[in-house]
Amino acid sequence: MHNSEINIKNISKVEGNASLNIKIKNNKVQKVKLTFADAKRFFEQAMKGQSIQTQPQSVSRICGTCSIAHIMGCITAIEDGLKMKVSKQTRLLRELTMHGLMIRDHALHLYFFSLPDVFKKDSILDFEGEEKEYLKDAFELKKIGNKLSSVISGRAVHPRLPQVGGFSKVPTKQNLKKLVPILKNNRERVLRLIEIYYNAKADFPKKQKFSSQIGKFDFLTGKAPKEKNKTELVGALARLNRNKKNLHKNTKKDAAKYLKIFPSKNIFHNNLAQAIEIMHCIDSSIEIIEKNSFKKEKLKKIKPKNTIGIGRIEAPRGTLFYQLHLKSDGTIKKGKIITPTQHNQFNMEKDIKTFAKKNLNKMSRHDLEHEIEKLIRAYDPCISCASHFLKVNWK
Amino acid sequence: MSKKLKIGWFSFSCCNDSTIVFTELLNTNFEKWMKLIDFQYFPMLKKKNNLENLDVAFVEGAIAKESDKKRLKQIRKNCKRLIAIGSCAVNAGPSGQRNDFDEKKKKEIEPIIKKLKLCKKVCALSEIVKVDAQVSGCPMSERKFVLILNKQLKDFKIIK
């Protein structure tokens, strides 16, 4: 194996330990290195020779935060390779599953990781007075995301029901209908969240290119335009910059004032974009549940062949790619996975360097370190990095 | 102020699924646990963390790096009880899937193992330090976690 492969860090989960190294020479920033320090877990090697059917569950273990996205990316690649067409019902259930993921994951990031920055607190554990009201909102919204995923997919983390070719179990009408009032009752909470990030004073504009699916805003089936850019930013900000016209009509109506901000080149607007996406996911879920009825359905049969399949979906943090080489005996020959954080890491390092250069002599080391952490958190790169576990080695 | 259970939450090689499950448990238990628990070391929730003199360390993930072995021993020294959380901490897998690779795959990854200073074999926590209790599952079982947490609260006389 060539040494260059050592740089594939993001196939293992990266939301553990992240560290940042900034080298300064003669009072100037020389080099910035953002490192995700978790041990590599070799998922691409592990999948070789494994069954097509069990792969979605295996790759789910790449990331506990967005296991659903990995399951969907893998399933999409397999079905693409085998030219399998799934039913409309399956497409809708998958869309609902992704909405549940987005609500829970964005809420975790926006309330637990970024909101302490807005309130100038170390942690949600330090919230007091009115700030505690936002914690109630956080828990209620996370609950909705969790509930939606559980009803549709079996559970919110490593769900078992989404399969190649469909769902192994379809939710009951009764359980689905129960979700609608809960979803509707929580729109107000999302509006409060949107307002907070609309008013948050954080600004870091820079020239950059954005990449996301465009077309239907379902995180799964949008078109993937060819990109020629050397570096691209992916995630909620990219999605709103490129695809806001396809948000749900009710979201567009109630978030009209805030949507004027997009397109934006300010990375801190990624937080606002995520908050608006929560609203979109709630509105879209309500419509899907109210307008459709779901019935028992058999899984489409897998007919293995030698082929290559591509899965390109929108995970919470941006575009997630799967390329799988499939074999006629029903196994995986080899595969390649590119996660959103891999896309964004280069941009993050560039941003940190620019920010550090600009502010090195204007801020104390403590303040500069804190501001850089905020910048990284706005990217929402991974759990631990986004949650105050940044170790900066000044050299 | 009444006495609280001083806990730490640590993650090694894994997908952090049990941490996510824990944050979901906060949805319904936050108020109650804030009165009973001092989240003394919890980098996912705060920047200012203190490793010293913990009552209970909850540790998820397997040990896959030499540096992580040292870190785990350091955690063990600083806690009265250490509880393994989730399948990777308890059984070293699935994150330790490379332990079961065939010879061809093992050879393929060998240069990376050396370069990144990874352990030859991925280990469960109990292979390195004494583990007092465990919550199995991938992700951890919510029900069993709450049972074990309540047991600690009782054993350390935080609740009756």
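Read-outs: derived from the displayed coordinates by stated rules, not from any lab. This structure is a prediction, so every number in the text was calculated from the model and none was measured.
Across the cross-link table entries A:K206/A:K358; A:K88/A:K169; A:K216/A:K296; A:K142/B:K46; A:K85/A:K216; A:K216/A:K350, which are compared at the Cα atoms, the separations over 22 Å belong to A:K216/A:K296; A:K216/A:K350. From its DSSP helices (H runs of at least four residues, each -39,500 (n - 2.57)), the protein assembly as shown gives a residue-normalised ellipticity at 222 nm of -13500 deg cm²/dmol. Comparing B:K69, B:K47, B:K35 in a Gaussian network model of chain B, where Cα atoms under 10 Å apart are tied by springs, the biggest mean-square fluctuation is seen for B:K47. When both the range A:200-278 and the range B:111-155 are represented by their alpha-carbon centers, they are found 39 Å apart.
Please compute the volume of the convex hull spanned by the alpha-carbon atoms of the range B:5-155 and report it per residue in Å³. Write out the running numbers ahead of the final one.
Working: hull volume 15.8 nm³, N = 151.
Hull volume normalised by residue count: 104 Å³.
What the phi angles of the range B:147-160 give under the Karplus curve with 6.51, -1.76 and 1.60, with θ = phi - 60°, is a coupling list of 4, 5, 4, 4, 4, 5, 4, 6, 4, 8, 6, 7, 10, 8 Hz, glycine and proline written as x.
Can you tell me how much longer the chain between A:Q174 and A:Q50 gets when fully stretched, taken as 0.36 nm per residue apart minus their C-alpha distance, in nm with one decimal? Present the calculation step by step, with values, prior to reporting the outcome.
On the way: separation 124, 0.36 × 124 = 44.64 nm, distance 3.77 nm.
Full-extension gain reported as 40.9 nm.
Note on chain A: GNM, Cα springs under 10 Å; of A:I196, A:I313, A:I152, the largest mean-square fluctuation is that of A:I196.
Each Cα pair under 8 Å and six or more residues apart adds its sequence gap; the mean of these over the residue count of the range A:179-287 is a relative contact order of 38 percent. Would you please calculate the Kirkwood hydrodynamic radius of chain A over all C-alpha pairs and express it in Å, rounded to one decimal? After inverting the pairwise mean of 1/r, the radius is 21.6 Å. Considering only B:Q97, B:Q134, B:Q40, the mean-square fluctuation computed in a Gaussian network model of chain B, springs between alpha carbons under 10 angstrom, is largest for B:Q97.
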